[in-house]
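K.L.:
One structure follows; several queries about it will come next.
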Amino acid sequence: MYSSSNFATAFKKHLKFSPADFRKKSEQLVEQSSFSHGISIDELEKSENLITVENLDSFLVVYERKKGNYHDLPEQWCRFIKKYEHLSSADTIYMESTIDDPTITDEDRCMYELCQTISPDHPALKEDSGILTHAFEGGKYAVYHYKGFPQLLFMVYQEVFCRWLSKTGNQLDNRPIFDIYRNIREDGYMEMDICFPLK
């Protein structure tokens, strides 16, 4: 019969340390990353206070996929917004999907997508075959309602991966994680929804 103690015993037998030690070691590695900015997971507001589980609608986006360092995102966003401003409207939502974890992938070779929503019947989609689009699938998501400065974002992701998912028993599915920008100030303060797809 399976139990959590059986799992812990098997885990330790094969990997030579307990699941708790493994999580602690993982968190230590995360906190040593240049993206942590010297912040520990314990310093963050608890994720359960900021996460709601919601059913989101599907939506179509114009996007560009990039490879580089996440520290370059502000400059890349300026170029993207200028390039596609002719497709934007008062209802346009700006989004991004960071695909690679810089604690695993070379920091300068991380894949990410910059996106803005667009109506499926926008005339530009017929007129310009060079515009790349794809749909983000709707469904069940854990939505982290973030308010703060970008230096904390990496650790917010790690808190969700290292703690919230295991605490709540939720599991990610294979849809992409994405961020929806709600408000950005000139001083860098931002409000955004970080959307984690759930089974």
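K.L.:
Six or more apart or on different chains, Cβ atoms under 6 Å: show the pairs whose first residue is in region 122-147 and in contact (Cβ under 8 Å) with a residue 24 or more places away in the chain and at negative phi and whose second is assigned to a loop (DSSP other than H, G, I, E, B) and loosely packed, with under 12 Cβ neighbours inside 10 Å.
P.N.:
Ala135/Ser58; Glu137/Ser58; Gly138/Asp57; Gly138/Ser58
K.L.:
Name, by its number, the condition in (1) aliphatic (A, V, I, L, M); (2) closer than 30 Å to Arg163 by Cα; (3) surrounded by 15 or more Cβ atoms within 10 Å (Cβ to Cβ); (4) touching a residue at least 60 places away in the same chain (Cβ under 8 Å) that does not hold for Leu114.
P.N.:
(4)
K.L.:
Residues in region 59-86 that are modelled with pLDDT of 95 or more and under 22 Å from Leu198 (Cα atoms): how many?
P.N.:
2
K.L.:
Give me the pairs: first residue in region 166-195 and without any contact (Cβ under 8 Å) to a residue 24 or more places away in the chain, second residue surrounded by 14 or more Cβ atoms within 10 Å (Cβ to Cβ), beta-carbon distance under 7 Å, and six or more apart or on different chains, which are they?
P.N.:
Partner pairs satisfying both residue conditions: Arg182/Glu191; Arg182/Met192; Arg182/Asp193; Asn183/Met190; Asn183/Glu191; Ile184/Met190.
The values are calculated or read from the model by the stated rules, or taken from the named source; none is laboratory data. Model, not experiment: these values are computed from the prediction. Please note: Cβ atoms are built from the backbone with ideal geometry, for glycine as well, and neighbour counts cover all protein chains shown.
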